[in-house]
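Worksheet for the structure shown next.
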Amino acid sequence: MKVPIWVFVVVAVLATAFVLRIGAEELDQSHQTERIADDPVGRLKVFVYELPSKYNKKILQKDPRCLTHMFAAEIFMHWFLLSSPVRTLNPEEADWFYTPVYTTCDLTPNGLPLPFKSPRMMRSAIQLISSNWPFWNRTEGADHFFVVPHDFGACFHYQEEKAIERGILPLLQRATLVQTFGQRNHVCLNEGSITIPPYAPPQKMQAHLIPPDTPRSIFVYFRGLFYDVGNDPEGGYYARGARASVWENFKNNPLFDISTEHPTTYYEDMQRAVFCLCPLGWAPWSPRLVEGVIFGCIPVIIADDIVLPFADAIPWEEIGVFVAEKDVPKLDTILTSIPPEVVLRKQRLLANPSMKQAMLFPQPAQPGDAFHQILNGLARKLPRDKSIHLKPGEKILNWTAGPVGDLKPW
Amino acid sequence: MKLSQQQNCNTRRNNSFRTTGPLDSSVDSAFKPLASFFWVVLHGLCCLISLVLGFRFSRLIFFLLFSTNTTSTTNHYTVPALLRTTSDATQTLTLQTPPVLITDTPSNRTNPATTSSRVVVGRHGILIRPWPHPNPIEVMKAHRIIERVQREQRLQYGVKNPRPLIIVTPTYIRTFQTLHLTGLMHSLMLVPYDLTWIVVEAGGTTKETAALLEKSGLRTIHIGFEERMPITWEARHRMETRMRLRALRVVREQRLDGIVMFADDGNTHSMELFDEIQSVKWIGALSVGILAHSGNSDESSSLLQKQEDEENLPLPVQGPACNSSGQLVGWHTFNSLPYVEKSATYIDDRAIVLPRKLEWAGFVLNSKLVWKDIEDKPEWVKDLDKLVADEEDLDSPLSLLEDTSVVEPLGNCGRKILLWWLRVEARADSKFPPGWIIDPPLDITVPAKRTPWPDAPPELPSNENVSGAQERREKPSSKTGRVSRARHSRSKRRRESRIADSQVSGRHAEEK
């Protein structure tokens, strides 16, 4: 049989390509999980601007509650960078510039942050750094990063419609934003932003750990509001109706342990549950994701188009279950049809201590924690091409854009 | 977001709504009063109409007004599903107010490459499926998932390489035997490890006990011990010790492998106990809760309580005592001094039954300790045959050891109490139907030897009181409603017709 030799060659090439492709996929996956363990020290240098204390210390002194609420990441990031080995005192060799301005620390008596002054505060800080140092004007902020952990990030509003109307603060268009909010194709999420988890107090969670051999007997667990009767009494606005749908469909289902109560054993109960619901609220992100990961409860994420924290380092698809908002009435079918091996696999991935560490902001910082993941994210953007440096005289940012109220000095 | 935060959110948002915000530029102040008056009137009118109609029609109006010129049909999220409204059960079509977002879509028609959010801001329908109740097949699937998860948890965090257990129980036929053995049997049936149950029965093996053991489905070795159980507690404890040694001899002869645990039939065991004893290496000690129970309800307990108030009542626990570094330093025994005068001598005394200094139940052994010849037998254990031959007063397994410091304290160094010791018995001469099955009821029952009642039965009213204060006596009633009394010195034929009337069951006041 005369088979031309080139056939063999072609087959061999195809075979190797196939094998390599599979190998590359595996490598990619393992590459992804290896990224959590990357060490940013030595890969980047961060310069911390010295702002007057009215931007950070005085605000914190006025209200120390800012250290414990879920937006505390901005403060802890500042403290971490001040004593971190990636910090450099020489701005000429810095890759990234950090501006410590606590925009989410203007709290109501009940503890919720008011975002009305934040745009002016940010603008004032940027004006300061652009006039006192030459680095902002060099790149118009392209090598600067800011931590904006508020509901909709740098849109600085808690109501989604108003936030979309305002859009990201025009001065921050070129900077890298480190924020908790993440939703694809949304005005308030820039390309290249780094999504971080909301702050959850590590000691409080450690104090409520129960022995790991306590059998998990709750199938689905959720505690929180389903209807926000103060702001949205008829339902339909809050959580885009998803939480209300969960309640109406599953309040009689014994597999679903859902209620609006505030039990003192909330953390312990999470450790006794197999699945924990993490539906969106007024904003798509929630501290429940962090709590679920810490306590080994598989997060069931009900938020369309959400961008989860450190999505390039943590394989959320393999850890959690994603349910579209329109599929909420079929939630029990979806969850019970997951094969037990898949459930066990997800639990095994969740038990990985590096995953838990990556969600926390411990004091003092530990290797592999959320601070390091943020720095890893920043390091992955290096090296930059020189195009971000503006030619002399070139201006991209419009300093007078935005609502008139924002232009007032702070 | 937490509840409080949400509530606060609403006050915050309400605040923001009320204050139009310093950022918004206000309308011409001249038109303000006219416009506001007009809106108030319109608002009032709409309220009245809504009251009459029974639902808020404003949304409907908006939809009808604006649906013609809306270009956002592609992004509409309308769901004509059953909706929960604040009014009752009116079927309102919930529709979406024209969303603010759709400023981009007209321009995007031409180039679908530029993305706009799939997710729309605004009011959405609440999706409820027509039958929002659990599906039984799915419930079963969920339970299977939970079971698999728990099995995996046990594999990962539970005991690795579990060893088989050998349970040694001395027993004898008596009224309360079924009660005690059933409880113990059920506990043992729940144990997830391999188990061999050695039951030593005083007075020889009996069919009733064997039938009971058969119901368990466990692997049992039923041994007869050729002496009858004596009637004093002292003698009974000693005999039980001998019975346990007999069982240990069987372990030795058959070279049974595993962990030997002494489960007396009166005791109660928790399931964690069986997990905990898997960690014993040679010999371990556990804390035993002592339930020194007094049968007499009225007098002695009140006296006792007064004493309790005066002195600190001793902790009713027997077990190993550790120092702060977790090493065994001694033994904590139950302080029986307050009860010594009132303690029971005979098995059926209505007084407090006291335990020994250290009960056998609080110890577990590796079965290799009683085997005859093994290579790595530790030096500090005495040979079983020698012990029995010496006829010492073996009060606890500690006598098996030369050196008692090698005992491993279990249960978090004795801090966790995983089993409880209790002795409750009926009168020694009490009769009960064998196998607890009523054959044709006996006409005449043999009068109890130590009955305080006269032998000749006087006339009795139909509602009879039978003494049962000390013993919790089961009154098994047959299907015909007749009751056969366990201890009853009088019965007549005409009683039977009366018995049919009076359904006597349960506990009655003491009759004197």
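Values in this text are rule-based calculations from the coordinates and carry no lab data. Owing to the predicted nature of the structure, the values given are computational and were not obtained by experimental measurement. Ideal geometry is used to build each Cβ from the backbone, glycine not excepted, and the neighbour counts take in all protein chains shown.
Just a few scattered comments:
- For B:130-140, mean number of other protein chain Cβ atoms within 10 Å: 4
- Its Cα centre serving as origin, the stretch B:184-229 has a Cβ charge dipole (Lys and Arg +1, Asp and Glu -1) of approximately 120 debye.
- Residues with amide H under 5 Å from that of B:Thr205, placed H, sequence gap 5 or more: B:Gly224, B:Phe225
- Take A:203-212, A:238-247, B:248-257, B:176-185 and order them by the average number of nearby Cβ atoms within 10 Å per residue, most first; the result is A:238-247, B:176-185, B:248-257, A:203-212.
- Unpartnered cysteines - no second Cys beta carbon under 4.7 Å - across chain A: A:Cys278
- Length gained when the stretch A:Val404-A:Ala207 is fully extended (0.36 nm per residue, less Cα-Cα span): 66.1 nm
- Summing charges over neighbours of A:Trp79, with a neighbour being any other residue whose Cβ is under 12 Å away from its Cβ, gives +1 when K and R count +1 and D and E count -1.
- Other residues with beta-carbon under 12 Å from the beta-carbon of A:Val293 carry, at +1 per Lys or Arg and -1 per Asp or Glu, a net charge of +2.
- Value of relative contact order over the stretch A:202-360, rounded to a whole percent, pairs C-alpha under 8 Å and six or more apart: 22 percent
- Average other protein chain Cβ within 10 Å of Cβ, residues A:99-112: 2
- Multiplying the residue separation of B:Ser324 and B:Glu214 by 0.36 nm and removing their Cα-Cα distance gives an extension gain of 35.0 nm.
- Taking only the Cα atoms of the stretch A:202-360, the radius of gyration and Dmax are 15.0, 43 Å.
- Residues in the stretch A:223-238 that a label on A:Lys326 would reach, taking backbone N under 20 Å of a point 7 Å out along Cα→Cβ: A:236-238
- Among the residues of B:145-155, the average count of other protein chain beta-carbon atoms within 10 Å of the residue beta-carbon is 6.
- Pair A:Thr333, B:Lys357: separation of 7 Å Cα→Cβ label points (nm): 7.1 nm
- Each Lys and Arg contributes +1 and each Asp and Glu -1, all at the Cβ; summed about the Cα centre of the stretch A:250-340, the dipole is approximately 200 debye.
- Ellipticity estimate at 222 nm from DSSP helix runs (n ≥ 4, -39,500 (n - 2.57)) divided over chain A, nearest 500: -10000 deg cm²/dmol
- Hz values of 3J(HN,Hα) by residue in the stretch A:242-249 - Karplus curve (6.51, -1.76, 1.60), Gly and Pro given as x: 6, 5, 4, 5, 4, 4, 5, 7
- Based on Cα contacts under 8 Å between residues 6+ apart, chain A shows a relative contact order of 18 percent.
- 3J(HN,Hα) couplings calculated from phi for the stretch B:177-184 with the Karplus curve 6.51 cos²θ - 1.76 cosθ + 1.60 (θ = phi - 60°) are, in sequence order, 5, 4, 4, 5, 5, 5, x, 5 Hz; Gly and Pro show x.
- Highest mobility in the GNM of chain A, judged by mean-square fluctuation with C-alpha springs under 10 Å and restricted to A:Gly235, A:Gly153, A:Gly281, is found for A:Gly235.
- Most mobile listed residue (A:Pro309, A:Pro52, A:Pro202) in chain A, GNM with C-alpha springs under 10 Å: A:Pro52
- Total charge dipole magnitude, the stretch A:204-358, about the Cα centre, Cβ charges on Lys, Arg, Asp, Glu only, Debye to nearest 20: 360 debye
- Peptide packing: for A:175-185, A:56-66, the average count of neighbouring Cβ atoms within 10 Å per residue gives the ranking A:175-185, A:56-66, highest mean first.
- What the Cβ-Cβ distance of B:Leu45 and A:Glu161 gives, at R0 = 25 Å and to the nearest 0.05, is a FRET efficiency of 0.35.
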